[in-house]
Amino acid sequence: MGTKRSAIVTGSTSGIGQGIAIALMEAGHNVMLNGFGDKGEIEAFRAESAKKYDVKVAYSAADMTKPEEIAAMVAAATQEFGQVDILVNNAGIQHVAPIEEFPPEKWNAVLAINLTSAFHATRAVLPQMQQRGWGRIINVASAHGLVASAQKSAYVASKHGIVGFTKVTALENAEKGITCNAICPGWVLTPLVQKQIEARAAAHNWTIAEASRDLLSEKQPSKSFVQVEELGALAVFLSGELARSITGTTISMDGGWTAQ
Ligand code: NAD
């Protein structure tokens, strides 16, 4: 096992963030969880994970739309673990509508959670990473950080934005032992995508299985969902010593989506 590190994974009470948190804990790292959900379930997951993986597991309920709560989350993790070595900016939401019907408050929420929260978390952890000369920042972008789809203006803008922010973070810290990269997943079957499958099924009077097949065949040549365990393994690799020269880049895990 490599060096034991301490991580924050935003939006880790569900889906991809939870998968990445589990993979980091399995690799022996302490993790601060974050995200919304049932308090009892979150506490049960926190306590069981700490026991199962024999690492420290903390939880912050910080709302990623609130800069002061993001700063407090970083301070709490630093207090709890002594330091934060790995930051995974993962929390994200989606809203689907044509631009002329897109509610401005939804635009603001998508940008705040998917993009601006990463700025606030990154600026809060960088000073301590710079001081120690070691850090790993992983931004969960999307295939939509590289290409677009209709009806997803805010999401695509936020994900292209975070790819740009990733590059700047990498450049400013290239000589400081800190890497910053963006992971770009294709379709992953999480609650965020389940909602889109249900909307598609309702619109066409299809079963969930038919709607899933349609969604995959439209964009993802592999025609199968990316699994959160695959994304977790990639995050663990990017967090390790041998990924020290990978910085400022995007790594697609999308079943061929962006090869087209
Ligand atoms: P999800 O809905 O399963 O999980 C989202 C997480 O973010 C949850 O833990 C939720 O509580 C948290 N969250 C939402 N709003 C928050 C807020 N204001 N403050 C704090 N936490 C908040 O979604 P997911 O599919 O696992 O998505 C995770 C990330 O992966 C997102 O950035 C998403 O854009 C990206 N992504 C998802 C897919 C996919 O196919 N599912 C593909 C590419 C990229």
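The values are calculated or read from the model by the stated rules, or taken from the named source; none is laboratory data. The shown structure was predicted, so the numbers you read here are calculated from the model rather than taken from an experiment. Side chains included, ligands, DNA and RNA excluded: accessible areas come from the protein's heavy atoms. Shrake-Rupley method; radii C 1.70, N 1.55, O 1.52, S 1.80 Å.
Here are the numbers:
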quantity: Partner aspartates and glutamates for Lys223 [C-alpha distance under 13 Å; skip if fewer than 8 residues away on the same chain]; calculated: Glu210, Asp214, Asp254
quantity: For the stretch 60-112, diffusion coefficient by Stokes-Einstein and Kirkwood Rh (Cα), 4 °C, 1.567 mPa s, µm²/s; calculated: 99
quantity: Solvent-accessible area per residue, Å², over the chain with all protein chains present [probe radius 1.4 Å]; calculated: 46
quantity: With Cα atoms, 0 to 90° folded angle of helix 67-81 axis to the chain main axis; calculated: 50
quantity: Value of relative contact order over the stretch 86-150, rounded to a whole percent, pairs C-alpha under 8 Å and six or more apart; calculated: 54
quantity: Carbon plus sulfur fraction of accessible area for the chain, probe 1.4 Å, in percent; calculated: 55
quantity: Mean Cα-pair separation over length for the stretch 1-112, i.e. relative contact order, pairs under 8 Å, 6 or more apart, %; calculated: 30
quantity: Within a Gaussian network of the chain (alpha carbon springs, distance under 10 Å), most fluctuating of Asp85, Asp63, Asp38; calculated: Asp38
quantity: Table column - 3J(HN,Hα) (Hz), the stretch 232-243, Karplus curve with 6.51, -1.76, 1.60, x for Gly and Pro; calculated: x, 5, 5, 5, 5, 4, 5, 7, x, 4, 6, 9
quantity: Largest-first principal axis extents, alpha carbons of the stretch 207-260, Å; calculated: 45, 23, 13
quantity: Eligible aspartates and glutamates near Lys176 by straight Cα distance, threshold 15 Å, same-chain separation 8 or greater; calculated: Asp85, Glu241
quantity: Cross-link reach list, lysines versus Lys106, counting only Cα pairs under 18 Å and skipping chain neighbours closer than eight places; calculated: Lys66, Lys152, Lys159, Lys195
quantity: Integer Hz, Karplus 6.51/-1.76/1.60 couplings in order for the stretch 42-56, x for Gly and Pro; calculated: 5, 5, 5, 4, 4, 5, 5, 5, 4, 6, 4, 9, 6, 9, 7
quantity: The stretch 226-260 versus the stretch 196-217: alpha-carbon centroid distance in Å; calculated: 28
quantity: Theoretical gain in end-to-end length, Thr207 to Lys4 [0.36 nm per residue, Cα-Cα removed]; calculated: 68.5 nm
quantity: Mean separation of Cα contacts under 8 Å, 6 or more apart, over the residue count of the stretch 129-249: relative contact order %; calculated: 31
quantity: Debye-sum result for the chain in log10 I(q)/I(0), which assumes one identical scatterer on each alpha carbon, at q = 0.09, 0.11, 0.16, 0.17 Å⁻¹; calculated: -0.38, -0.57, -1.22, -1.36
quantity: Percent of Cα-Cα distances greater than 12 Å, calculated over the stretch 145-186; calculated: 61
